[in-house]
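Here is the structure we will look at, set down as structure tokens.
The values are calculated or read from the model by the stated rules, or taken from the named source; none is laboratory data. Treat the numbers as computed from the prediction; the structure is a model and nothing was measured. Every residue, glycine as well, gets a Cβ built from its backbone with ideal geometry; the counts of neighbours run over all protein chains shown.
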Amino acid sequence: MAEVELTVRVLRGPARASAAGGRYETYTLRADAGWSLLDVLEALQAGPAPDLMYRHSCHHASCGTCALRVDGRERLACLTTVGQIAAGRLGERTGHGKDYRLPRGARAAVTLEPLRSFPVLGDLAADFAEFFGKLDAVEADLVAARGEEATHFEHCITCGACMSACPIVASDLEYLGPAPLALALRGLQDPTKTGSDARRLAAADQPHGVWRCHHVFECTAACPAGVDPGQALMELRARLVRRRLGWREGARR
Amino acid sequence: MGERGYSVWAWLLQAFTGLLLVVLVALHMVANHFAKRGLLTYRDVAALFADPYWLVLQLALLFAVIYHGLNGLRAVILDAGLSPAGARRLDWALFALGAAMAAYGVGLALSIGGWLGSR
Amino acid sequence: MSEGEARRRPDWRAWFAPRGRRTGMWAFVLNRITGLLLLAYVFVHLAVLSVLFQGPAGYDRLVRWMSSWPFLLFDVALVAVLLVHGLNGVRLVFVGLGAGSHRQREWFWAAMAAAAAVFAYTTYLILAPAWR
């Protein structure tokens with residue numbers, strides 16, 4: 001695979017209330033086009049930035065730990081490859097297994113920032129405590145497919161990408177946000193009837209619930225797991241409207 | 001803010017007034033800009049507002065604009081994050097502002113249409 | 001979870017931060033800005049119309065003034081803002097209830113295409129009388 005001379009700008013800084021307030025540090029390294037951003041971060045840690053903080057676990061898009069912003073877009077570091085960055089193809093879900101036919105001696109530059117709308121534990125590591133609290137508020141703790149048919153909401157890996165992409169999560173701290181509301185709908189659809197539907201509906205139908213959504217659909221665009229939280233939010237809203245108008249749910253489950 | 005279902009109505013009414021405004025604003029623009037070449041004179045306006053159908057349409061436009069605009073502003077302000085007490089104060093302030101705009105607008109429409117006598 | 005205690009602060013600048021963002025975000029930014037502009041215009045519009053209380057002389061002087069080029073261009077801009085907000089708004093009513101929301105990007109461009117077509121025609125209608 002081709003080697004790329006990669007210039008990485010990293011927004012660094014100690015624990016703080018938001019990504020803002022850090023400073024950008026620039027590093028240059030030679031990276032294989034097949035490397036993921038996790039490989040890049042490890043190389044930085046092994047070389048010029050031994051104290052660099054970031055989060056990761058599984059390396060294969062299941063754990064939802066390594067989400068960050070790559071040139072302003074929410075990405076899983078494990079799915080994003082150097083070749084993809086060099087080819088300018090960040091719109092694709094993953095760069096793995098693709099040959100971008102980079103020229104010999106290719107160069108690329110990329111800016112890495114922690115997720116937006118999350119407190120920062122340090123450098124690129126976001127603090128998920130508030131986000132997990134919102135997931136708890138809608139009783140999102142579903143066990144995937146308890147022998148029942150699974151729906152795509154169960155693909156949510158709670159990586160926080162949608163929360164970072166949403167402009168309203170940034171400004172209304174109480175707004176539940178895309179992933180918790182998508183999982184609230186999933187909870188309502190859960191055939192095993194785990195958790196309290198009344199609590200989920202109450203959480204969704206309050207000023208900081210579905211009514212704060214303004215159809216930006218950046219959540220859906222940012223989701224690395226194909227959950228489509230935007231559509232889930234609209235369905236949840238339609239459900240609340242039908243209930244209020246007294247329409248029967250019909251044969252829907 | 002507390003009552004359940006209140007937000008459903010606010011959203012539905014925002015959508016409804018929005019659709020209504022597309023029609024009413026279009027009529028308003030046609031009458032004021034496109035029915036004659038150029039803008040209307042005082043006499044044209046007075047004649048329009050003396051017609052009860054037009055008066056009703058324009059009052060509907062007025063009320064729809066007030067609700068849609070102020071509820072839109074409310075959404076923008078709520079997006080910035082407000083405490084429940086702050087949101088309640090906001091609701092009262094916007095309600096008072098809307099009522100004042102409605103009173104002024106109705107007064108204006110009735111006056112120009114000659115519905116208040118003495119003209 | 002034993003994570004940090006830092007409490008983040010509301011940041012409404014995110015409403016107008018389109019870096020790295022896509023069509024839906026641009027639609028949102030446009031909708032918000034045009035909405036606020038239109039609300040401001042409603043206040044101005046109602047306030048200016050108070051000259052109706054002064055009878056024909058005041059109003060007709062105002063209308064002559066408003067038939068001048070700068071004001072006609074203002075009207076053209078106003079129509080553009082109305083069309084963008086109104087036709088994008090029609091999209092939002094349906095998308096907001098889940099109808100066609102997986103095609104929201106295409107609906108946005110369809111709304112803008114319709115807005116452009118109507119805008120071209122109304123611009124001609126507004127400016128034509130001032131031509132002679």
Mind telling me which of the residues A:93, A:107 ends up being more than 15 Å from the chain's Cα centre (by Cα) and surrounded by fewer than 24 Cβ atoms within 10 Å (Cβ to Cβ)? A:107
Quick test of your reading of the structure: residue C:64 fulfils all but one of (1) modelled with pLDDT of 95 or more; (2) surrounded by fewer than 20 Cβ atoms within 10 Å (Cβ to Cβ). Name the failing condition by number. (1)
Of the residues C:46, C:62, C:37, which single one is part of a helix (DSSP H, G or I) and closer than 30 Å to residue C:105 by Cα? C:37
Considering region B:46-74, residues that are more than 7 Å from every other protein chain (Cβ to nearest Cβ) and of a type in the set (Val, Ile, Thr), and then whichever is farthest from residue B:100 (Cα to Cα), we arrive at B:56
Give region A:45-72 a look and list any residue that's outside any loop (DSSP other than H, G, I, E, B) and either outside the structural domain of residue A:117 (by TED's automatic domain parsing) or crowded, with 21+ Cβ neighbours inside 10 Å (or both), or say none. A:67, A:68, A:69
Within region A:191-206, take every residue that is surrounded by fewer than 20 Cβ atoms within 10 Å (Cβ to Cβ) and touching a residue at least 12 places away in the same chain (Cβ under 8 Å) and give me the one that is nearest to residue A:138 (Cα to Cα). A:199
When the residues of region A:156-192 are narrowed to those that are at the interface with chain C (Cβ under 10 Å from one of its Cβ atoms) and of a type in the set (A, V, I, L, M), which ends up farthest from residue A:209 (Cα to Cα)? A:165
Among the numbered criteria (1) on the phi > 0 side of the Ramachandran plot; (2) touching a helix residue (DSSP H, G or I) at 6+ places or on another chain (Cβ under 7 Å), which one does residue A:64 miss? (2)
Would you call residue C:98 in contact with an Asp or Glu (Cβ under 9 Å, 6 or more places away or on another chain) and either modelled with pLDDT of 95 or more or within 7 Å of another protein chain (Cβ to nearest Cβ) (or both)? yes
Cβ-Cβ distance below 7 Å, separation of 6 or more or different chains: which pairs start in region C:85-109 with a residue that is over 22 Å from residue B:20 (Cβ atoms) and end on one that is among the polar types (S, T, N, Q) and surrounded by fewer than 23 Cβ atoms within 10 Å (Cβ to Cβ)? C:101/A:231; C:102/A:231; C:105/C:23
Filtering region A:70-88 down to residues that are within 14 Å of chain C (Cβ to nearest Cβ) and free of Cβ contacts under 8 Å to residues at least 60 places away in the same chain yields A:70, A:71, A:72, A:80, A:88
Consider residue A:235 carefully, then state whether it is farther than 29 Å from residue B:85 by Cα, within 14 Å of chain C (Cβ to nearest Cβ) and modelled with pLDDT under 95. yes
